[in-house]
Amino acid sequence: MRLDEYVDDIEQDDSVALRKLAEEKSYAVTEYIDDARTRFDETLTDDTLVGSTAPSVFVGRSSYPNVSAGVLAPVGDENDAEAYATTGEWYQQGFSIDDVFERRTGLLNSTRRSNVDVYDVWDGFVGTQREVALADDPVDIELGLDDRPGFDLDGPLEDIAAPRGPRAFAESARVTENPSVPRAIEKTLSDDDWRAEGAITYLYRRGFDVYDINNVLSVGALGEAENRRLVPTRWSITAVDDTVGQYLRGTIRNAPPIDRTLVWHTSYMGNDYWVVAAPGDWEFELLELKAPGSIWNPDPDGQLYMAADNEGYDGRSGYVEETSGAYYAARLGVLEALADRDRQAKVFVVRYATEAYWAPVGVWQIRESVRDAFDGEPAVAETFHDAVRQLVPQLPVSMAALRRKSTMAAGVQADLSAFGAGGDSSRSR
């Protein structure tokens, strides 16, 4: 299909529905918070001892190296505990922002302060947390809390940084069953001479998705003995995406390039994604456009926010400056698709976060959106330059502004008429 036909076929119904949901967000959030409070009040006993099933863990980054180590567990819905863990299944099931709020506000985060150096720690709260992270299924646990859970969600919606559940400090925690640990994870755990990068790659090659691996890394169960420590969840997610991405880039270094320019599109949770892949050696760029009124650009009367990072054939030597974890999540989705096809390409990903993206749900939605885009039938463009020119009218930015921000788009040879396409360039300042 030609790119112009592909663009004409894109449905806008989902965007309309998301905007309607965004307008009603305050009511949905309030209802979920009230429901969660009621469920916790009904479930907790007088001595605040909780029996639950934990599908996941959380490690905070505040006050590093003395961090908050947490066990995440639903209360009142233990039989469906696995559905509360963030995985690619949320995307496959079509979760909305609303659905993510419902799941996250129903998770109790039981925490204890811990130093990150935990190589030999397998008892107490941290030991329980590590057992939960290593198990291949949600684990039955018993928690002793020293206070009632605090929701910390009172106040204006715009003060809420991300959907999250109640938090309580734990006096005690123990696993009440014998958890099953996959053999591959046991191998990486027992080999404390193995660098973390090699262990991460080993697990990925054996079919573990990045969601499973970052939990294992987060609780300090990978790497050489002297380097094993708790890793804040946000850091572990990016570290795993980056490590797996570097491994996949290595597998395609000598692969032949794709033979034509292809364009994919998908949309999810108020985000539009365009992926342009053109013949040539590996090159990658992520360009993020964030509309006024969206979560990371909240002023509805403000200007469009633009951020971009890129790499060439040899990858990057340092952390990205503007797009943070989104870069590594998007790059992973691209590299998985190329490795599966045994091809390399220069790839330009554009993410447009519209005002319908009213709450941050995590980089998982970026990773899964890019993965899903490659499952669709692509459009065909004459050249990379032609693809970018035809995409500009679909974006809230002019060709001139795009060229000023994007390294890859800056190479597009355009005539004067192209500089006026796609709207007023003043919106992108």
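Restricting the search to the range 160-181, which residues are among the polar types (S, T, N, Q) and modelled with pLDDT under 90?
Passing the criteria: only S172.
Applying the criterion of being charged (D, E, K, R) and assigned to a helix (DSSP H, G or I) to the residues of the range 242-262, the residue that is nearest to the chain's Cα centre (by Cα) is D242. Just give me the residues in the range 118-136 being assigned to a loop (DSSP other than H, G, I, E, B) and at pLDDT below 95, in sequence order. The answer is V118, Y119, D120, V121, W122, D123, D136. Please enumerate the residues belonging to the range 236-257 that are crowded, with 17+ Cβ neighbours inside 10 Å and hydrophobic (A, V, I, L, M, F, W, C). Once the filter is applied, which keeps residues that are crowded, with 17+ Cβ neighbours inside 10 Å and hydrophobic (A, V, I, L, M, F, W, C), the range 236-257 yields I237, A239, V240, V244, L248, I252. Residues in the range 353-367 include none that are in a strand (DSSP E or B) and among the aromatic types (F, W, Y).
For (1) touching a strand residue (DSSP E or B) at 6+ places or on another chain (Cβ under 7 Å); (2) in a loop (DSSP other than H, G, I, E, B); (3) more than 23 Å from P55 (Cα to Cα), each residue gets a yes or a no:
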{"site": "V216", "(1), (2), (3)": "no, no, no"}
{"site": "E226", "(1), (2), (3)": "no, no, yes"}
{"site": "R229", "(1), (2), (3)": "no, yes, no"}
{"site": "V240", "(1), (2), (3)": "no, no, no"}
{"site": "T266", "(1), (2), (3)": "yes, no, yes"}
{"site": "Y273", "(1), (2), (3)": "yes, no, yes"}
{"site": "V276", "(1), (2), (3)": "yes, no, yes"}
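If you check A345, A400, A339, A329 for being closer than 27 Å to I97 by Cβ and of a type in the set (G, A, S), only one passes: A329.
Considering only the range 222-239, I want to know if a residue exists there that is out of contact with any Asp or Glu (no Cβ under 9 Å at 6 or more places or on another chain), at pLDDT 90 or above and acidic (D, E). No, the range 222-239 has no match at all. For V275, indicate whether it is surrounded by 23 or more Cβ atoms within 10 Å (Cβ to Cβ) and under 20 Å from the mean Cα position of the chain (by Cα). Considered against the rule, which asks whether it is surrounded by 23 or more Cβ atoms within 10 Å (Cβ to Cβ) and under 20 Å from the mean Cα position of the chain (by Cα), V275 comes out as yes. Restricting to the range 212-231, name every residue that is over 10 Å from D117 (Cα atoms) and either surrounded by fewer than 18 Cβ atoms within 10 Å (Cβ to Cβ) or touching a Cys at 6+ places or on another chain (Cβ under 7 Å) (or both). Within the range 212-231, E224, A225 qualify.
Please specify each residue of the range 258-272 satisfying the condition of being surrounded by fewer than 17 Cβ atoms within 10 Å (Cβ to Cβ) and closer than 24 Å to E368 by Cα. Before the answer, list the steps.
Looking only at the range 258-272, we keep the residues that are surrounded by fewer than 17 Cβ atoms within 10 Å (Cβ to Cβ), and these are 259-260.
Answer for the range 258-272, where residues must be surrounded by fewer than 17 Cβ atoms within 10 Å (Cβ to Cβ) and closer than 24 Å to E368 by Cα: there is none.
How many of the residues making up the range 257-297 are among the small types (G, A, S) and modelled with pLDDT of 95 or more? Going through the range 257-297 one residue at a time, the tally reaches 4.
Restricting the search to the range 292-340, which residues are among the hydroxyl-bearing types (S, T, Y) and over 18 Å from G245 (Cα atoms)?
Looking only at the range 292-340, we keep the residues that are among the hydroxyl-bearing types (S, T, Y), and these are 294, 305, 313, 317, 319, 323-324, 327-328.
Result: S294, Y305.
Residues checked against (1) of a type in the set (G, A, S); (2) under 30 Å from A199 (Cα atoms):
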position	(1), (2)
Y211	no, yes
A225	yes, yes
D241	no, yes
Y273	no, no
G280	yes, no
P292	no, no
N297	no, no
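Picking from residues in the range 186-206 that are under 17 Å from R229 (Cα atoms) and either in the same structural domain as D340 (by TED's automatic domain parsing) or among the hydroxyl-bearing types (S, T, Y) (or both), the one that is surrounded by the most Cβ atoms within 10 Å (Cβ to Cβ) is T188.
State whether the residues of the range 107-116 include one that is at pLDDT 85 or above, closer than 30 Å to L332 by Cα and basic (K, R).
No: the range 107-116 contains no residue that is at pLDDT 85 or above, closer than 30 Å to L332 by Cα and basic (K, R).
Please verify whether the range 357-365 includes one or more residues that are in contact with a Ser or Thr (Cβ under 7 Å, 6 or more places away or on another chain), of a type in the set (V, I, T), within 19 Å of L289 (Cα to Cα) and at pLDDT below 95. No; the residues of the range 357-365 include none that is in contact with a Ser or Thr (Cβ under 7 Å, 6 or more places away or on another chain), of a type in the set (V, I, T), within 19 Å of L289 (Cα to Cα) and at pLDDT below 95. Would you pick out the residues in the range 208-226 that are under 18 Å from A69 (Cα atoms) and free of Cβ contacts under 8 Å to residues at least 60 places away in the same chain? Once the filter is applied, which keeps residues that are under 18 Å from A69 (Cα atoms) and free of Cβ contacts under 8 Å to residues at least 60 places away in the same chain, the range 208-226 yields D212, I213, N214, L217, L222. Scanning the range 85-115 for residues that are of a type in the set (A, V, I, L, M), under 17 Å from the mean Cα position of the chain (by Cα) and within 29 Å of R228 (Cα to Cα) yields a single hit, A85.
The values are calculated or read from the model by the stated rules, or taken from the named source; none is laboratory data. Everything numeric here is computed off the predicted structure, so don't read it as measured data. Neighbour counts run over all protein chains shown; Cβ positions are idealised from the backbone, glycine included.
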